[in-house]
Amino acid sequence: MNMIELKAVTKRFGKATALDALDLTVPQGAVYALIGPNGAGKTTAIRHVTGMLRPDAGEVLLSGEPIFENVPVKERIYCIPDEPWYFPMATTRDMMEFTGRMYPRFDALRYKRLRDAFVLDENRPLRRLSRGQKKQAAFWLALSARPEVLVLDEPVDGLDPVMRRQVWSLIMEDVAEDEMTVLVSSHNLRELEDVCDHVGILQKGRCILEKSVAELQGSTVKVVLALPEGAALPDGLPILHRSEAGRLQTLILRGTEAEAAALLRPAGPVFLETQPLTLEEIFIYELGGVDYAVKELLL
Amino acid sequence: MRSKNSCFDIRIFGNALRRYWPVYPAAAGVYLYDMLTRRGSSWYGIMETADLSLLRSTLSSGSRLIFIAAGVMAMAVYSWLFFQRSTAYAAALPVRREAQYLSHMAAGFVLLEAAALMALLLFALTGGLRGAAPAGLLRVVAVITLLNVLFFGPASLCAVLTGNILILPAVYAVFAYAAVALEASARWIAQFLVFGLSGQRWLFTILSPVYYLRNAGQADFLLETNWQEVYRGYATSNVLSLAAFRGWPLLLCYGAAGVLFAALGTALIRRRPMENAGNVVALPGLRRLFPWGAALAGALTLGLLTLKQIFRFSGYLNVTGSFSKVMLLLLAMILGAFTGWFGAQGLLRKTLRVFDRSWGGFAVFCAVLCALVLGTELDVTGSEKRLPDAERVASVSVWDTYAGAPATVFEEPENIRSVLEIQRHVLESKELFENAAGMDLSAQGGALSLVYCDENGRTLLSRAYVAPIGAMAWSSAGNAYATDGNAFGSANPVLPELERLMNTPEAIRKRILPRYIAVSPYTIQAGYVYRMEDYVTVEDLQFTAAETWELYNQCVLPDAEEGTVATTRLCPADDPGESRGTFTELFIPFSIGYGDDAMADYIYFMVRPEAARTVAWLVERGFAVTGTVRAEPEPSEIISESVTVVLPGLAGLLEKVYLEYDPAAAGTVGALRWTRSMLEWYSANGEDPFRVYEEAKLFARTYDAEAGEFRQRMEQLRTAGIRLTTGSAGLVQDRGRNTGAWTEDMVGEVFDAIAAGLAAAERNDY
């Protein structure tokens, strides 16, 4: 069942098109990583999902219902932006009380239980806390609100490694137990790789790729091989990227490991090894295919 | 109450009250301070009951405080609309935007109300409400509530229109003052461009309530005082409690307008793209209008500055603009429009690189501006030359500064046609007037004011022209505007006609009859004749009521029948001596009734040698030139720098006269020169006549009665006032001459105020 759907969503800011007929589908219970280069439209997409922005065209749906200005739907969504905002002078407790009144599923008991997980003085004004501590407070409130959909924009920036792991652990617990859906936008692909099960790659306001991680990793393979002298690669290989170091060649190919081996075997390689791609590699090579390759500059 | 589709959310409302409550005690403190500083103050020297005094101050100074408090409150409660992060947070909350907006609005309004009520409560604890009528207090609370609605509604709307918290006060101020600013600018520029345009009624100031309530003296208008009741009540209780509040219709309309603006804000909040938080203009539609508005504001501002600072144009009775001046004005307006247009582009695009585009719109604006200015200057619509249909004119009021006040109202058809003919001749001489750039109005020129009315008293046309009919204009030596050949030449069409008109039987009859009281042996109070030479009284004589009745009945009336007394001379050939302030004048005061029903009036007119009976009667009683006089110093010498603190307006005039004017050195005409020079002095210091009027009223109403300094000053003013108001050619009689820019109502109000203040001083009750 699809929890979040963006159907042909277009958003323009003046003459700039931030989202260009964007289609996106986040299944229920998924941890969906929204990735893309700077200016691809990730934050704009997230702001549509949280109901802040109204699309110029298209639909933004939660369980099939429009999100914008739909109070019952928005009660199911909680968002942590890259820099959380709090009322001036408010403490964590103040914000907890306000959040408790605004979100019907807010769990005061859980808030108390999470007090041990987050090392914060809840009576201290939030403006006096460090950036990381403010982020902790945001997660504390978010997890206490028990949303059905948690939207995160650069969620763990500012958190120390221990707290990052702690936070992700708590989130994954909710995903496992409550089937909470998580839509997360981040540039930290190494971290996302550990937690996400779905990926959507945005480029220039459009979604150029949307798959489950397993599917993605199964459909692209990295091959390291050495061919006999004078031998050439067979024609028609689905190569995404190729590099050479002496006789050793590294190829990124579309397809499974078996398919890649079968395609290369006629060339008689003296050495052939296949490896799964990391999320970061997929990101880089996929965007390389749409003119966003790493430029080899000589300075 | 849970918010699903509701337009109100109690959770947001409560949160807003908790978050923004600090504004409330701050506002309460300011309100209280204002109440305490006005506590026990009198109005025109009359003590009022606490509730009446409070109502009066609420309408005047209180309205301004509420205006400011509403703006500050809007900045506080809608602060979430102006920052990307807070806007994003609010927009993500499961509450409809209308509900958030209205809940914050309700919180802001409650805090404003609470501040006012708290101030009232604290004021009561200090004893400030002692003796106040409960119904009167409820009336004050109702007025405060309506003012809160009036000002907080537009403030809320402004918060939707802009996305920048620093711009909000500016937008709010523009919103509040736009009507009066636009009208004032348009009037000034129109008066500069349209020959003779003057005296138009202010039509749109009512749309700027903060200005209307505070500056236009509307407390008097809204609280109508019956003076007879005042004195009757004052005699028994020493406290004024009788004043009819006429302000409900106006305030209810204002309140409805406030609700309307709030509703408009609610309708627009949903359309306000939240990503525009931080932008100067938050609504996409307004972004297109903003440069046009800014260009208009820039054009008017620089246009006005040019008029005031370069042309020294003060709006009324000034020489209107020659074509070269108009072109300079147009250039300044285009420069102002340029600044406004591209300034707006810079604010919208957040860059100084704005000259790469949008020239097309600016060119269109300039084309329209040029068409309007040049079209008006060239009188495309024919409004300059428009004359009323003689058949429709029932009366015409003619007032020229040299003939003196009051204006003569002609009702006979033949005279009305003469006035129209005179105006036609003035219009034909337009070029001469417009080129009289260096004319000194006080010395060389005068004003010819014409007001045509129909049989219902409605004004058909009002025009005023600067004319070289003043004293200096009679001499040709070094004077380009002289009437003996240099400027008009011997064929000057205006002066002879005007002189003939002012000496018609109808004019003379009106000059020798008081306006409000019938002439009888019982109404004449006394008589006073004086002879001036070079503006100095060289001889005077007083008569009893019986003597004056004899003079009036047996000499003045027959002479008037023959057209030899109370005549006016405008042409130099007739009597060059008058141009140098040499003449004989007869002043006769009248009164009728006693106590509360007493009414006073007066007449004064010139006595010339041809008035045989009148002159003979005076000579018989020994009226002749005697004694010697000292030379009166020039006004420029009299305006010394020794006075460091000048009271505002006419009170300031009176005080300065008292402090520096030597009555032994000069006569009452000298006093007139004094006041005229003082008015010019005020104008030269950036004060226009309307401003002087406002300040005079403010002084008369609000000066602290308990201050010892005030007592002393009032005593001084009383002396000066008596000197100027009871003399034979005193200030009151020449009110029209010295306050030419004021309407009749304004003049009456100021003089009533001064008279009331003087009366209070005479009784030693402040």
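The values are calculated or read from the model by the stated rules, or taken from the named source; none is laboratory data. Just so it is clear, the structure is predicted and the values come from calculations on it, not from any experiment. As a convention, Cβ positions derive from the backbone with ideal geometry for all residues, glycine included, and neighbour counts pool all protein chains shown. What goes into the accessible areas is simple: the full protein's heavy atoms, side chains included, and nothing from ligands, DNA or RNA. Shrake-Rupley method; radii C 1.70, N 1.55, O 1.52, S 1.80 Å.
Exactly one condition in (1) touching a Cys at 6+ places or on another chain (Cβ under 7 Å); (2) more than 8 Å from chain B (Cβ to nearest Cβ) is false for A:Ile80; which is it?
(1)
Hey, can you tell me all the residues within the range A:82-119 that are of a type in the set (D, E, K, R) and assigned to a loop (DSSP other than H, G, I, E, B)?
Looking only at the range A:82-119, we keep the residues that are of a type in the set (D, E, K, R), and these are A:82-83, A:93-94, A:97, A:101, A:105, A:107, A:110, A:112-113, A:115-116.
If the condition is that a residue be of a type in the set (D, E, K, R) and assigned to a loop (DSSP other than H, G, I, E, B), then A:Asp82, A:Glu83, A:Arg105, A:Asp107 are the ones that fit.
Name the residue that is nearest to the other protein chains (Cβ to nearest Cβ), counting only residues in the range A:45-69 that are without any contact (Cβ under 8 Å) to a residue 40 or more places away in the chain and open to solvent by less than 30 Å² (accessible area, probe 1.4 Å).
The residue in question is A:Met52.
Find the residue count for the range A:208-231, including only residues that are over 22 Å from A:Leu272 (Cα atoms) and open to solvent by 40 Å² or more (accessible area, probe 1.4 Å).
So the answer is 5.
Can you spot a residue in the range B:76-92 that is closer than 20 Å to B:Thr145 by Cα, more than 14 Å from chain A (Cβ to nearest Cβ) and at pLDDT 85 or above? Give the derivation first.
Applying the first criterion (closer than 20 Å to B:Thr145 by Cα) to the range B:76-92 yields B:76-77.
Next, from what is left, pick out any that are more than 14 Å from chain A (Cβ to nearest Cβ): none.
For the range B:76-92, residues closer than 20 Å to B:Thr145 by Cα, more than 14 Å from chain A (Cβ to nearest Cβ) and at pLDDT 85 or above: absent.
Are there any pairs with C-beta distances below 9 angstrom linking a residue in the range A:230-249 that is assigned to a loop (DSSP other than H, G, I, E, B) to a residue that is loosely packed, with under 10 Cβ neighbours inside 10 Å, with the two at least 6 apart or on different chains, and if so which?
Correct list of pairs: A:Arg247/A:Glu229.
Going through A:Pro84, A:Pro147 one at a time, which residue ends up being modelled with pLDDT under 95 and open to solvent by less than 60 Å² (accessible area, probe 1.4 Å)?
Result of the check over A:Pro84, A:Pro147: A:Pro84.
With B:Leu120, B:Leu111 as the choices, which residue is modelled with pLDDT of 95 or more, away from chain A (no Cβ under 14 Å) and assigned to a helix (DSSP H, G or I)? Full working, then the answer.
Numbers: B:Leu120 fails: modelled with pLDDT of 95 or more.
When all the criteria are applied, what remains is B:Leu111.
Of the residues A:Leu126, A:Leu141, only one is farther than 18 Å from A:Tyr78 by Cα, crowded, with 18+ Cβ neighbours inside 10 Å, in contact (Cβ under 8 Å) with a residue 40 or more places away in the chain and within 14 Å of chain B (Cβ to nearest Cβ); which? Show your work before the answer.
Values: A:Leu141 fails: farther than 18 Å from A:Tyr78 by Cα.
Of the residues listed, the single one that is farther than 18 Å from A:Tyr78 by Cα, crowded, with 18+ Cβ neighbours inside 10 Å, in contact (Cβ under 8 Å) with a residue 40 or more places away in the chain and within 14 Å of chain B (Cβ to nearest Cβ) is A:Leu126.
Exactly one condition in (1) at pLDDT below 95; (2) in a helix (DSSP H, G or I) is false for B:Leu369; which is it?
Only one criterion in (1) at pLDDT below 95; (2) in a helix (DSSP H, G or I) is unmet by B:Leu369, namely (1).
So, in the range A:12-44, exactly how many residues are open to solvent by less than 40 Å² (accessible area, probe 1.4 Å), of a type in the set (Ser, Thr, Tyr) and within 14 Å of A:Arg206 (Cα to Cα)?
The number of residues fulfilling the criteria is 1.
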